[in-house]
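The values are calculated or read from the model by the stated rules, or taken from the named source; none is laboratory data. This one's a predicted model, so the numbers in the text were calculated from it and none came from an experiment. Glycine gets a Cβ as well: all are built from the backbone with ideal geometry, and neighbour counts include every protein chain shown. Remember, those area values only see protein heavy atoms, side chains included, never the ligands or the DNA or RNA. Shrake-Rupley method; radii C 1.70, N 1.55, O 1.52, S 1.80 Å.
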Amino acid sequence: MNPLLNADLHCHSTVSDGTLTPEALAARAKANGVELWALTDHDEVGGQQRALEAARAQGMKYLTGTEISVTFAGQTVHIVGLGFDHHNTSLTEGLRRTRGGRGERAQEMSEGLAKVGIHGAYDGALKYVGNPELISRTHFARFLVEAGVCKDTPEVFRKYLTEGKPGFVPHRWARLQDAVQWITDAGGMAIIAHPARYSFTPNEEYALFTEFKAHGGRGVEVVTGSHSSQEALRYAETAIEFGLAASRGSDFHSPDESHTDLGALPFLPGQLTPVWEVLADRIQ
Ligand code: AMP
Ligand code: MN
Ligand code: MN
Ligand code: MN
């Protein structure tokens, strides 16, 4: 298949921390010229049936998707899964366990914020939550903007929700090998999301890619809304070095917050193998 396909294989709906429904995302993707779409809610496949039907109604091709939170070498890494059977119980059970700690973590985040004089953050964040099992830092960020504590969500993350800040609670997510296995057991492909967004040493990053491959991982996001053009070039080289297929996705969350709209991305560099070529028989 065509490397110049307008594929957008990474975005979020109200089923995780996006602000649009799967149907509204499908309509927006179509209007922006997306030809192949995947909804990749965090740790959740609850929106897949709706997304598939909405894509069909829009006349867009669809790959099932999710973005799994993983802890690797002390950092959170995101693994995108594409083209799996979203009814597979190894996958749905693994995701359910991964979501499991979010409620308690959110309570602790709220306690941390209360200590610096920001009260009622748990209830405030809940007002933005579309899926009670998926309260995330993004929902806290929206509440802190609403409360006038910060001017936008990046400022909230910088001042309150990242390591060492009052609302940050260290959390252990899924293991890399488990996330890769859940996806591959369900017939899909595991992909390292936005690799430039981690702060690994070169040795740790090499270990991430090596272990990911050894566990059966097969792709890496090269063109994403969170990569600069230099970062895309760098990870195009990494894809070739590790023999990984390349993915493309906006990571769109909200018309008000996201810099990169659905489908509004550079094309994949031509020398790479697109993930949609490997997943051709999983496209619906
Ligand atoms: P969580 O899974 O609860 O840790 O939340 C992670 C989500 O927070 C990511 O998927 C992004 O949507 C959002 N996020 C993380 N870092 C930032 C940042 N620096 N600025 C804005 N949003 C961020
Ligand atoms: Mn998110
Ligand atoms: Mn991510
Ligand atoms: Mn994402």
When ligands, DNA and RNA are left out and all protein chains stay put, how many square angstrom of accessible area per residue does the chain have with a 1.4 Å probe? 42 Å²
Among the lysines, which have Cα under 18 Å from the Cα of Lys151 when same-chain residues fewer than 8 positions away are ignored? Lys159, Lys165
Could the peptides 199-209, 230-240, 76-86 be put in order, highest first, of the mean number of other beta-carbon atoms found within 10 Å of their residues? 76-86, 230-240, 199-209
Placing +1 at every Lys and Arg Cβ and -1 at every Asp and Glu Cβ, with all other atoms neutral, what dipole size does the chain have around its Cα centre, in debye to the nearest 20? 260 debye
For the chain, what relative contact order do you get, as a whole percent, if you take Cα pairs closer than 8 Å and at least 6 residues apart? 23 percent
Given the -39500 (n - 2.57) contribution per DSSP H run of 4+ residues, what per-residue ellipticity at 222 nm results for the chain, rounded to the nearest 500 deg cm²/dmol? -11000 deg cm²/dmol
Would you list, by chain and number, the lysines whose Cα falls below 26 Å from the Cα of Lys30, excluding same-chain residues fewer than 8 positions away? Lys61
Of all DSSP beta bridges in the stretch 38-82, antiparallel share, percent nearest 5: 90 percent
Relative contact order %, the stretch 204-276, counting alpha carbon pairs below 8 Å whose residues are six or more apart: 32 percent
